[in-house]
1. As a check on your grasp of the helix formula, calculate [θ] at 222 nm for chain A: sum -39500 (n - 2.57) over DSSP H runs of n ≥ 4, divide by the residue count, round to the nearest 500.
2. Compute the label zone of B:His198 within region B:134-175: residues whose backbone N is under 15 Å from the point 7 Å along Cα-to-Cβ.
3. Taking the simple approach of a point 7 Å from Cα along Cα-to-Cβ for both A:Trp139 and A:Asp165, what is their distance in nm?
4. Two decimals is fine: what is log10 I(q)/I(0) at q = 0.08 Å⁻¹ for the protein assembly as shown, from a Debye sum with one equal scatterer on every Cα and no solvent?
5. Once the label point is set 7 Å along the Cα-to-beta-carbon vector, what list of distances in nm do you get between A:Lys26 and its counterparts in the other copies?
6. Once the Cα atoms of helix B:36-48 and of chain B are each reduced to a long axis, what angle between those two axes, in degrees from 0 to 90 to the nearest 10, is obtained?
7. Could you work out how far helix B:4-15 tilts from the main Cα principal axis of chain B, as a 0 to 90 degree angle to the nearest 10?
8. What whole-number volume per residue, in cubic angstrom, does the convex hull of the C-alpha atoms of chain B give?
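Throughout, read-outs are computed from the coordinates displayed, never taken from laboratory work. Small disclaimer: the values here were computed from a predicted structure and weren't measured. Cβ coordinates were reconstructed from backbone atoms using ideal geometry, including for glycine residues, and neighbour counts include every protein chain displayed.
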2 protein chains.
Amino acid sequence: MNSLIEENYLKALFSYANDQGEVSVKDLSEKLDIKMPTVTSMMKKLSTKGLVQYTSYKPIKLTAKGRKAAGIIIRKHRLTEMYLVEKMGFGWENVHEIAEQMEHVKSPDLFDRMDELLDHPKHDPHGSPIPDKNGKVDWINYPKLSECKVGDRVRLAAVVNSSADFLSFLNKRELQLDTEMELVSVEPFDNSMIVSYHDKPNETLSLLVSEKLLVEVISSLDSNQQSP
Amino acid sequence: MNSLIEENYLKALFSYANDQGEVSVKDLSEKLDIKMPTVTSMMKKLSTKGLVQYTSYKPIKLTAKGRKAAGIIIRKHRLTEMYLVEKMGFGWENVHEIAEQMEHVKSPDLFDRMDELLDHPKHDPHGSPIPDKNGKVDWINYPKLSECKVGDRVRLAAVVNSSADFLSFLNKRELQLDTEMELVSVEPFDNSMIVSYHDKPNETLSLLVSEKLLVEVISSLDSNQQSP
DNA sequence: GTATATTGTTAGACGCATCTAACAAAATTA
DNA sequence: TAATTTTGTTAGATGCGTCTAACAATATAC
């Protein structure tokens with residue numbers, strides 16, 4: 001099997017891939033906080049193992065095998081997060097660190113059991129989709145709240161950032177997954193948004209926040225989306 | 001904190017200590033399947049860290065600090081085993097391997113939560129005591145079934161071996177923790193025992209098995225235990 | 001109490017994942 | 001397109017945990 005270290009590279013390659021499925025050495029290096037030469041040499045190793053497609057000076061891509069391996073790790077991470085929230089009473093802001101460790105546990109049975117006890121959840125507590133047992137994930141491309149228009153009625157579908165700080169911020173504002181909001185107005189100066197939800201008629205969300213909230217648009221004021 | 005590797009040394013030192021709390025380099029080496037020179041050098045390292053008391057050519061002993069660290073690891077292991085059995089429906093024969101990995105997870109909260117959800121269990125699914133949050137364990141010194149006398153009525157309190165093979169063997173014979181048995185007879189030739197329990201009037205247990213079963217004696221035929 | 005066997009240590013090497021320093025290729029800017 | 005910046009690679013070193021080979025101390029046997 002792959003070592004913990006290799007698994008972290010695979011996960012990063014999976015998570016930070018662009019639309020072509022590619023990641024640069026520099027990006028990987030920064031995300032993992034590992035210097036570039038180290039990344040280069042690890043890419044050679046993973047390439048030998050058939051997990052990545054690597055050619056000098058070209059961006060890195062996971063092979064089908066590597067994508068599957070990475071998907072399974074992410075499946076374990078997200079199932080764990082869901083289990084911790086749903087079955088053990090943890091808050092969504094406190095599960096990432098634990099899942100980060102549990103994702104490396106080698107026991108298909110453990111995670112299958114979580115999946116079963118959770119009734120085969122489709123997404124984790126942060127709205128991210130849970131890959132299937134083959135590591136395959138079908139991604140719904142939700143827009144960011146920041147891209148929505150005044151008058152849009154939306155449902156909070158996922159958050160882009162799972163840091164405890166950010167999630168605690170949302171907790172304080174009583175913003176949960178599935179909360180329905182209406183975009184009241186946008187401040188042109190700083191692109192902050194005023195939204196209404198629950199019993200809150202006008203909460204202000206900075207651009208930094210609205211960019212991290214992925215939403216499903218339920219209804220829109222103007223039905224024509226694009227017209228020049 | 002201590003690395004996974006250090007943790008495994010600490011656990012072994014804790015588990016294989018004799019009545020003086022000592023372990024030889026040779027024993028550690030064999031239990032961990034690591035060559036003696038490697039053990040020696042690791043002992044120097046752990047000694048520097050104040051976790052073991054080590055002098056050349058002398059047996060090794062955990063310090064109070066080391067004992068606490070080891071106890072906490074074992075606490076995590078045993079809580080996990082109990083959680084897997086009680087809350088996730090695993091059989092007692094399938095939890096050791098998983099707990100072996102989970103015991104290294106750094107998250108006091110996770111194990112505190114298990115402890116709470118399990119209502120502060122005193123022992124794991126194999127009857128081994130669960131150390132408290134300070135790593136302290138109070139050990140009840142149960143006798144082996146093999147040391148009991150004909151006519152003794154006993155309760156299965158713990159098993160000494162947690163291998164899947166052994167536990168599956170007990171499953172097949174419907175022997176669980178807390179099963180009450182009566183020692184019917186002992187075969188002088190091979191010291192195998194015939195015991196009765198549940199609806200089984202005479203099950204044969206080899207010496208190899210009866211040595212691995214720790215029991216609480218409920219009643220004995222002759223009340224005088226020792227008389228020359 | 002010496003000889004032998006067992007146990008433990010020292011010395012030196014190795015693989016892995018990491019680093020820094022120096023260099024090379026590719027991309028960007030002028 | 002030439003100069004410069006950015007990105008990536010090569011070479012060589014380091015720390016960790018491991019090993020084997022050789023030697024040393026302790027325990028056991030005779």
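1. Working: 8 runs with 88 residues, N = 228.
Helices in chain A give a 222 nm mean residue ellipticity of -11500 deg cm²/dmol.
2. B:156, B:167-175
3. Label at A:Trp139, label at A:Asp165, 2.6 nm between them.
4. Here the Debye-derived log intensity ratios amount to -0.66.
5. Values, ascending and in nm: 6.1.
6. Relative to chain B, helix B:36-48 is tipped by roughly 70 degrees.
7. 40
8. In chain B, the Cα hull volume divided by residue count equals 158 Å³.
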